[in-house]
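A short worksheet on the structure shown next.
The values are calculated or read from the model by the stated rules, or taken from the named source; none is laboratory data. These figures come from a predicted structure and were not determined experimentally. Please note: Cβ atoms are built from the backbone with ideal geometry, for glycine as well, and neighbour counts cover all protein chains shown.
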Amino acid sequence: MTQLAEDPARGRTSAENYYVAGLAERHRERQQQANAYFQKALEINPSLWQAQIELK
């Protein structure tokens, strides 16, 4: 999980990578960072419905 959460910092910056990093952070009980990753995923791809659902 840690590696998944760190993917954006390693240059893997697709919307999907931010989404998965958000899931990993949520699993690690870091809700604020998870939400930031979900938001970043939506900035890159506003139609990524999975990230939209996670922010509701």
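Data table
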read-out: Hits in the range 30-51 (condition: surrounded by fewer than 19 Cβ atoms within 10 Å (Cβ to Cβ) and either at pLDDT below 95 or more than 14 Å from E16 (Cβ to Cβ) (or both)); value: R30, Q31, Q32, Q33, N35, A36, Q39
read-out: Residue list for the range 20-56, filter: within 15 Å of P8 (Cβ to Cβ) and not in a helix (DSSP H, G or I); value: R28, R30, N45, L48
read-out: Test for T2: is it in contact with an Asp or Glu (Cβ under 9 Å, 6 or more places away or on another chain) and modelled with pLDDT under 95; value: no
read-out: Residue pairs meeting the criteria (Cβ under 6 Å; at least 6 apart or on separate chains; first closer than 16 Å to F38 by Cβ and of a type outside the set (A, V, I, L, M), in the range 1-15; second at pLDDT below 75 and surrounded by 13 or more Cβ atoms within 10 Å (Cβ to Cβ)); value: none
read-out: Hits in the range 24-54 (condition: among the aliphatic types (A, V, I, L, M) and within 13 Å of E6 (Cβ to Cβ)); value: A24
